[in-house]
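Engineer: The following block contains the structure, expressed as structure tokens.
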Amino acid sequence: MRKIKKWLITSGLLGVVITLSGCVRRLDDGSPDPNGLIYRFLVNPLGSFLTYMADNWGLGFGWAIIVLTVIIRCILMPLMINQSRKSMFQSEKTAILEATN
């Protein structure tokens, strides 16, 4: 059961990485196809936001990437805290079970 679960998690994560990597079809002129779902809703807005910060705020693209990373981390912070709490609770349960054996 653990091998199947591990295999499913690994293949699921690999699928997510491939899907969210921004792989898009290229048009004949070499530009990305703007009709792709991932490109339209993820890559294009993030690229526009990075360009806006780099050009209008006087930041270089390096600082714009750092600012965007901090914003995304702040958005994901509640999920990370929740996962950390669940992990601590699970490790406490595991320690209790190992102590009884």
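The values are calculated or read from the model by the stated rules, or taken from the named source; none is laboratory data. Keep in mind that what you see is a predicted model, and the values were worked out from it rather than measured. As a convention, Cβ positions derive from the backbone with ideal geometry for all residues, glycine included, and neighbour counts pool all protein chains shown.
Engineer: Output the residues belonging to segment 54-76 that are more than 20 Å from L42 (Cβ to Cβ) and among the hydrophobic types (A, V, I, L, M, F, W, C).
Structural biologist: Answer for segment 54-76, where residues must be more than 20 Å from L42 (Cβ to Cβ) and among the hydrophobic types (A, V, I, L, M, F, W, C): W57, L59, W63.
Engineer: Identify, please: which residue in segment 30-49 is among the small types (G, A, S) and at pLDDT 75 or above and is, among those, nearest to V16 (Cα to Cα)?
Structural biologist: Residues of segment 30-49 that are among the small types (G, A, S), as a first pass: 30-31, 36, 47-48.
Imposing the further condition that a residue be at pLDDT 75 or above reduces the set to 30-31, 47-48.
Numbers: G30: 25, S31: 24, G47: 20, S48: 23 Å.
Per the stated criteria, the residue is G47.
Engineer: Six or more apart or on different chains, Cβ under 7 Å: which pairs go from a residue in segment 69-94 that's more than 22 Å from M53 (Cα to Cα) to one that's not polar (S, T, N, Q)? Could you list them?
Structural biologist: Listed pairs, sorted by first residue: none to list.
Engineer: Let me ask you something else. Take segment 50-64 and flag every residue that is small (G, A, S), within 24 Å of V17 (Cα to Cα) and touching a helix residue (DSSP H, G or I) at 6+ places or on another chain (Cβ under 8 Å).
Structural biologist: Passing the criteria: only A64.
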